[in-house]
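Chemist: Shown below is the structure under consideration.
Only the coordinates and a few stated rules stand behind these numbers; no lab work does. Since we're looking at a predicted model, the values are computed, not measured. Here the Cβ positions follow ideal geometry from the backbone for every residue, glycine too, while neighbour counts run over all protein chains shown.
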Amino acid sequence: MQRADYVICKAFFALVTLVVVIVFNFFLFRILPGDPLRALIQNARMDKEAQERIRTQFGLDKVVWLDVDALKKGDVAGAFDTQFTAYVSNLLQGNLGISFAMRQPVSEILAKRVWRTVILLTAGQIMAIVLGISLGLLAAWRRGTRLDTGILLTGLFTWSIPTFFFGIILVIVARGHLPVGMMVTPGLKPEDGWPYWSDVGRHLVLPTITLGVGYLSSYMMVMRSSVVEVLSEDYILTAKAKGMSTVQILRDHAMKNAMLPMITVIALTLGYTVGGAIQVETVFSWPGIGRLIYDAVGKQDFPVLQGTFLLIAISVIAANLVADLLYSVLDPRVKLD
Amino acid sequence: MHIIDIWRAFRRRPMAMVGLFMLLAVVFVAVFAPWLAPYDPHESIDVTAADILAPPDADHLLGRDDAGKDVLSLLIYGARISLLVGFTASFMSIIIGTTVGLTAGYYGGRVGNTLMRVTDFLMVIPTLPLMLVIISVWGRGIEKIVLVIGILYWTYTARLVRSQVLSVKERKFVLRSRAIGTGHFRIISRHIFPQVLPLIIAQAVLDISTAIIAESSLAFLGLGDPTAISWGMMLNFAFERAISRMAWWFLLPPGIAIVWVSLSLVLIGTAIEDIVNPRLRTHHLFDARKMIARVVGGGAGSPDETLGSGPSSGVEAGEVAG
């Protein structure tokens, strides 16, 4: 299959996935009693007319997804003028509804918080990947030795600890030495420059360790098994016969070939790492998307839940698409299926 | 590979046996909870202000929680919830995953492709956020949590089973059986399924631990069933109300219990997987003499030709956890 076909195929799959997620997200929240604006517009000081105007703005005066009566009359455009199309058109304009608890547009809340989660996830992922790759390489090279067993057991152990519990342990241990909550000491502002950023850095240490250690095992295991596979190839024996040193072989052959599957693993585990970030943000009160979800769950703030889920799903789908495309560029052998 | 052979190899692995005993201990505690627990956590009790988060003493070995209840008893009863969720959700996901994997692998074609697209689709969707929105909307309840976990965690099993079926169905005994006119159902149930079963068992064990961790994460995030206090829910209470008082007797035991069960299952699952699916046991950077020693003394090291080489146990341990 040609490269162009491959790209189109993958992009199409991502698009279909996205559409399914949007449809699912719409219907899931429609099975709730009442409508999504109930909590917002139930206000004695707002007259009926104003309430209706807001309802109309969100298309809630319309039929849920298909106006059968209009369709019977032959009015095709009218038949599709429904809550669902209103939802989609609002979505395309970046309008995700209004938070029950915060009385603010969800999109504004998300925009303010998303970069905080991106910082945390990036720091955590870098730590997990660096640790995972190094430990995996070490374990594969020393395969079958005590070191290998030790590394494997460490991997299984970190995998068995729920992320939130690991975070709680770090809070108990590091309390008093490092900040265990929030992103920055109150009072500091980004305009303060260095003091602000170094303070954020200190607040980032424990959440990053939690994510980095909690999620290194998949990288480690994949690295280990792909390096073991590479090392059993005949060209490694040739390299050894040529007199290449172990370090050279590990660096030039094992690392290079084993790094390729890592791209897929990073993308595949991203959705799972996001789940970890929700837990880490909850434990450390990191004011990002994850903590937002936790608070929204507690307050039954459905528009926020709907919006965050959509944002997370879109990001993960996009990341997977990028990984697929990157993989096809880096590995010329790639074929569809 | 026969179950008896797997057990023989299993018995020779100390870590696997440690895992098995760890699991049996928890099963014992869960089954005999009413006899083992010093108090009944469902009973309403008289509490004074001093009882709330009271530290451990002779009457309450692990102290009391934020409602004045005995932490040890809650912990013992919590084993029932965690194991129940783990076993039932894993059973569900294994049934779905095996069915999808067998169908997709054996029949292939359009049906197989469609099934694998659905699998790919579910794999891309971030699971924990999805479970969070579903349970938030649908309402809390242990049966709902089990159902959601079971329905969302089968994708890895489906892929694993499919890839095994693809290799088994081209093997000579299957081809011969087909040549003499054996029906599809009989070929699948008599020839293919038994070959894939050991790996499915390993996967099922790993899935129990995934499900237990998933349930505890949901409960920790505030979506547990209020009528069934699981370890994750205890941690939610502890985190909300006991962390400022550093009530370690309430914070640590439920978490340690989750790690205990989950680690025991992972040790068992990866061991079974390693036995039924032995990979390359050595490589060229190894000392040649050691290589021979390992091959000779390697116990279960004989390559199992019925299954060929598959993904490593670790990959699965990592990837099923989404």
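Chemist: Rounded to the nearest 0.05, what FRET efficiency do A:VAL7 and B:VAL111 have when you use their Cβ-Cβ distance and R0 = 30 Å?
Modeler: Once the sixth-power term is evaluated, E becomes 0.70.
Chemist: How would you classify segment A:63-198 from its alpha-carbon gyration tensor, with a ≥ b ≥ c the square roots of the eigenvalues: rounded for a/c under 1.5, else prolate if a/b is greater than b/c, otherwise oblate?
Modeler: Oblate shape, in that a/c is at least 1.5 and b/c is the bigger or equal ratio.
Chemist: Would you please give the FRET efficiency between A:LEU330 and B:MET22, computed as 1/(1 + (r/R0)^6) with r the Cβ-Cβ distance and R0 = 35 Å, to the nearest 0.05?
Modeler: Efficiency at R0 = 35 Å is approximately 0.25.
Chemist: Could you pull the Cα extents of segment A:162-257 along its three principal axes, largest to smallest, in whole Å?
Modeler: Result, largest extent first: 63, 33, 18 Å.
Chemist: Karplus couplings for segment B:129-134 from phi (6.51 cos²θ - 1.76 cosθ + 1.60, θ = phi - 60°), rounded to Hz, Gly and Pro as x?
Modeler: x, 5, 4, 4, 5, 4
Chemist: List the equivalent ellipsoid semi-axes of the protein assembly as shown in whole Å, largest first, each obtained as the square root of 5λ for an eigenvalue λ of the Cα gyration tensor.
Modeler: One finds semi-axes of 41, 33, 27 Å for the protein assembly as shown.
Chemist: Nearest 20 debye, what's the magnitude of the dipole of the protein assembly as shown about its Cα centre given +1 on Lys and Arg Cβ and -1 on Asp and Glu Cβ?
Modeler: It works out to roughly 2080 debye.
Chemist: Oh, and also: I need the phi-derived Karplus couplings for segment A:202-213: 6.51 cos²θ - 1.76 cosθ + 1.60, θ = phi - 60°, integer Hz, Gly and Pro marked x.
Modeler: Using θ = phi - 60°, the values come out as 5, 5, 7, 4, 5, x, 5, 4, 4, 5, x, 6 Hz.
Chemist: Can you tell me the mean projection area, over all orientations, of the convex hull of chain A's alpha carbons? Units nm², please.
Modeler: 24.9 nm²
Chemist: Still on this model: Just how many % of Cα pairs in segment A:185-227 lie over 14 Å apart, if you round to the nearest whole percent?
Modeler: For segment A:185-227, the share of Cα pairs beyond 14 Å comes to 62 percent.
Chemist: Taking every pair of Cα atoms in segment B:139-220, average 1/r, invert it to obtain the Kirkwood radius, and report Rg/Rh to two decimals.
Modeler: Checking Rg against Rh, the ratio lands at 1.17.
Chemist: Are there trypsin sites (Lys or Arg not before Pro) in segment A:255-333 that DSSP marks as loop and that have at most 12 other Cβ atoms within 10 Å, and which are they?
Modeler: A:ARG333
Chemist: State the answer as a single residue: which of B:ILE212, B:ALA179, B:LEU223 lies farthest towards the positive end of the charge dipole of chain B, with beta carbon charges of +1 for Lys and Arg and -1 for Asp and Glu, about the Cα centre.
Modeler: The residue sitting farthest along the positive end of the dipole is B:ALA179.
Chemist: Another question, then. By a straight-distance test (C-alpha under 15 Å), which aspartates and glutamates pair with B:LYS69 as possible cross-link partners, with residues fewer than eight away in the same chain excluded?
Modeler: Answer for B:LYS69, where 15 Å is the Cα cut-off: B:ASP40, B:GLU43, B:ASP46, B:ASP51, B:ASP57, B:ASP59, listed by chain and number.
Chemist: Order of A:VAL213, A:VAL247, A:VAL64 from fewest to most other C-beta atoms within 10 Å?
Modeler: So the ranking, lowest neighbour count to highest, is A:VAL247, A:VAL64, A:VAL213.
Chemist: Okay, next question. Let me have the relative contact order for segment B:9-279, percent, based on Cα pairs under 8 Å that are six or more residues apart.
Modeler: 27 percent
Chemist: Determine the shielding of peptide A:19-31 by partner chains: average, over its residues, the number of Cβ atoms on other chains within 10 angstrom of each Cβ.
Modeler: Mean number of neighbouring Cβ atoms from other chains: 2.
Chemist: Once phi is turned into θ = phi - 60°, what whole-Hz ³J(HN,Hα) does the Karplus curve with 6.51, -1.76 and 1.60 give for every residue of segment A:300-312, x standing for Gly and Pro?
Modeler: So the J values, rounded to whole Hz, are 6, 8, 5, x, 5, 4, 4, x, 5, 4, 4, 4, 5.
Chemist: Same structure, new question: How many nm is it between the label spots at B:LEU197 and A:GLN93, if each spot is 7 Å from the Cα in line with the beta carbon?
Modeler: With each label point 7 Å from Cα toward Cβ, the separation is 6.1 nm.
Chemist: Restricting attention to the alpha-carbon atoms of segment B:9-279, what are Rg (one decimal) and Dmax (integer), both in Å?
Modeler: Using the Cα atoms of segment B:9-279, the pair Rg, Dmax is 22.0, 79 Å.
Chemist: Between B:ARG186 and B:MET246, what is the label-point separation in nm under the 7 Å Cα-to-beta-carbon projection?
Modeler: About 7.2 nm separates the two model spin labels.
Chemist: Among A:LEU206, A:LEU92, A:THR308, flag the residue with its Cα farthest along the positive direction of the charge dipole of chain A, charges on Cβ as +1 for Lys/Arg and -1 for Asp/Glu.
Modeler: A:LEU206
Chemist: Treating only the Cβ of Lys, Arg, Asp and Glu as charged (+1, +1, -1, -1), what charge dipole size does segment A:59-193 show about its Cα centre? Round to the nearest 20 debye.
Modeler: Dipole size: approximately 640 debye.
Chemist: Using 7 Å Cα-to-Cβ label points, what is the B:LEU166/B:MET15 separation (nm, one decimal)?
Modeler: The two pseudo-label positions are separated by 2.9 nm.
Chemist: Over chain B, with a Gaussian network built from C-alpha contacts below 10 Å, which listed residue (B:VAL148, B:VAL161, B:VAL111) shows the highest mean-square fluctuation?
Modeler: For chain B, modelled as a Gaussian network with Cα springs under 10 Å, the answer is B:VAL111.
Chemist: Compute, for chain A, the length of the dipole vector about the Cα centre, with Cβ point charges of +1 (Lys, Arg) and -1 (Asp, Glu) only. Units Debye, rounded to 20.
Modeler: 680 debye
Chemist: Taking the Cβ of B:GLY101 as the center, what net charge do the other residues with Cβ under 10 Å away carry, scoring Lys and Arg +1 and Asp and Glu -1?
Modeler: +2
Chemist: Once amide H atoms are built 1.01 Å from N in the peptide plane, which residues 5 or more positions from A:ILE98, or in another chain, come under 5 Å H to H?
Modeler: HN-HN under 5 Å from A:ILE98: A:VAL106.
Chemist: Now for a different question. Please compute the contact order of segment A:192-337 in relative form: average sequence separation of alpha-carbon pairs under 8 Å and at least six residues apart, divided by the residue count, as a percent.
Modeler: This gives 22 percent for segment A:192-337.
Chemist: Please return the longest stretch of chain B lacking exposed loop sites, where GluC sites (Glu not before Pro) count only if DSSP places them in a loop and at most 14 other Cβ atoms lie within 10 Å.
Modeler: It runs B:171-304.
Chemist: Moving on. Given the Cα-Cα distance of B:TRP35 and B:LYS144 and 0.36 nm per residue of separation, how much length would full extension add, in nm?
Modeler: 36.4 nm
Chemist: Taking only C-alpha pairs under 8 Å that are 6+ residues apart, what is the relative contact order of segment B:1-106 in percent?
Modeler: 22 percent
Chemist: Counting Lys and Arg as +1 and Asp and Glu as -1, what is the net charge of the other residues whose Cβ lies under 10 Å from the Cβ of A:LEU137?
Modeler: +3
Chemist: Treating the angle as unsigned and between 0 and 90°, give the value, to the nearest 10°, between the Cα long axis of helix A:106-141 and the longest Cα principal axis of chain A.
Modeler: Between the helix axis and the principal axis of chain A, the angle is about 20 degrees.
Chemist: Among all stretches of chain B without exposed trypsin sites (Lys or Arg not before Pro) (DSSP loop, at most 14 other Cβ atoms within 10 Å), which one is longest?
Modeler: The longest such stretch corresponds to B:13-244.
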